[in-house]
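Have a look at the structure below, then the notes.
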Amino acid sequence: MKTVAIEHPTYGRLEATWEREGRMIVVRYGHHERKARASNDDKANEFVALDVLRGIVAEELAD
């Protein structure tokens, strides 16, 4: 399992884990779990995982 993190101006460092499962990557943050299509390149998967984490955080803040 690998980790990605973003720095939020109010909440500080927000960290999620991600792992490859077959043709998908699974990103977990708190009680959230999202899947996205995986690439053969881990750097690309890390970029996608960061994007998924930003989406989860934006959703949480919208509530």
Quiz item: open to solvent by less than 80 Å² (accessible area, probe 1.4 Å) and modelled with pLDDT of 95 or more: does that describe Ala5?
Solution: yes
Quiz item: Pick from region 44-62 the residues that are modelled with pLDDT of 95 or more and of a type outside the set (A, V, I, L, M, F, W, C): which of them is surrounded by the fewest Cβ atoms within 10 Å (Cβ to Cβ)?
Solution: Asp51
Self-check item: Wholly enclosed strands (runs of 3 or more DSSP E) of the chain bearing at least 2 residues touching a residue at least 40 places away in the same chain (Cβ under 8 Å)
Solution: 2-8, 12-21
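The values are calculated or read from the model by the stated rules, or taken from the named source; none is laboratory data. What you see is a predicted model; the values in this text were computed from it and never measured. When we count neighbours, we look across all protein chains shown, and the Cβ atoms used for this are built from the backbone with ideal geometry, even at glycine. Protein only, heavy atoms only, side chains kept; ligands, DNA and RNA dropped before computing areas. Shrake-Rupley method; radii C 1.70, N 1.55, O 1.52, S 1.80 Å.
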